Amino acid sequence: ALQMARGRILEAHPTPTANRYLASLGVLLTVAVELGLQPTVTIRRVPESEPRSRVLSHEEQELLQERTVPRVYAPIGFLIETGARVGELRHAQAQGGTLVLSRTKGRRPRGVPLSPTAARLWALDWSR
């Protein structure tokens with residue numbers, strides 16, 4: 001029955017999500033053992049592919065800038081230059097040469113040093 005559930009999880013979800021579900025099932029089995037029960041199955045995770053990492057080349061950035069109006073390129077270029085997320089910019093403030101991100105994915109404020117290009121893009125009015 002557990003192998004059938006594993007198969008359904010793998011069919012219905014991307015591999016990383018399926019592995020999280022399978023890990024949760026594994027925890028349940030561990031708790032069952034700690035309670036004195038004797039489960040007779042083990043949970044096998046599925047190998048995951050390497051996460052994609054794609055960075056625009058300098059030429060691609062230049063082409064993007066050339067083909068985009070400045071008001072549109074400014075926030076995009078700023079995100080490329082700093083590595084910040086779109087949601088982080090909503091509550092960001094520049095303090096000196098640092099961008100302070102108060103609401104981040106990790107829920108901890110962090111500072112991002114501003115390069116001259118990032119500082120120039122930040123100074124443009126792009127209707128924050």
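In summary, L25 fulfils each of the numbered conditions (1) over 24 Å from K105 (Cβ atoms); (2) free of Cβ contacts under 8 Å to residues at least 12 places away in the same chain with the single exception of condition (2).
Evaluated against (1) assigned to a loop (DSSP other than H, G, I, E, B); (2) over 30 Å from D125 (Cβ atoms), L10 falls short on exactly one condition, (1). If you go through segment 16-44 and keep only what is of a type in the set (S, T, Y) and under 17 Å from Q3 (Cβ atoms), you end up with Y21, S24, T40, T42.
Quick one: is L79 free of Cβ contacts under 8 Å to residues at least 24 places away in the same chain, in contact with an Asp or Glu (Cβ under 6 Å, 6 or more places away or on another chain) and over 30 Å from N19 (Cα atoms)? The answer is no for L79. Of the helices (runs of 4 or more DSSP H) lying entirely inside segment 29-128, the ones with 2 or more residues being open to solvent by less than 50 Å² (accessible area, probe 1.4 Å) are found at 70-82, 86-89, 116-123.
Select from segment 3-14 the residues that are in contact (Cβ under 8 Å) with a residue 12 or more places away in the chain and open to solvent by 50 Å² or more (accessible area, probe 1.4 Å) and write down the one among them that is nearest to the chain's Cα centre (by Cα). Step by step, filter segment 3-14, then rank; the result is L10.
The values are calculated or read from the model by the stated rules, or taken from the named source; none is laboratory data. Note that the structure is a prediction, hence the values are computed from the model and not measured. Methodologically, a virtual Cβ is constructed for each residue, glycine included, from the backbone with ideal geometry; neighbour enumeration extends over all protein chains shown. Just the protein is used for accessible areas: all its heavy atoms, side chains included, with ligands, DNA and RNA removed. Shrake-Rupley method; radii C 1.70, N 1.55, O 1.52, S 1.80 Å.
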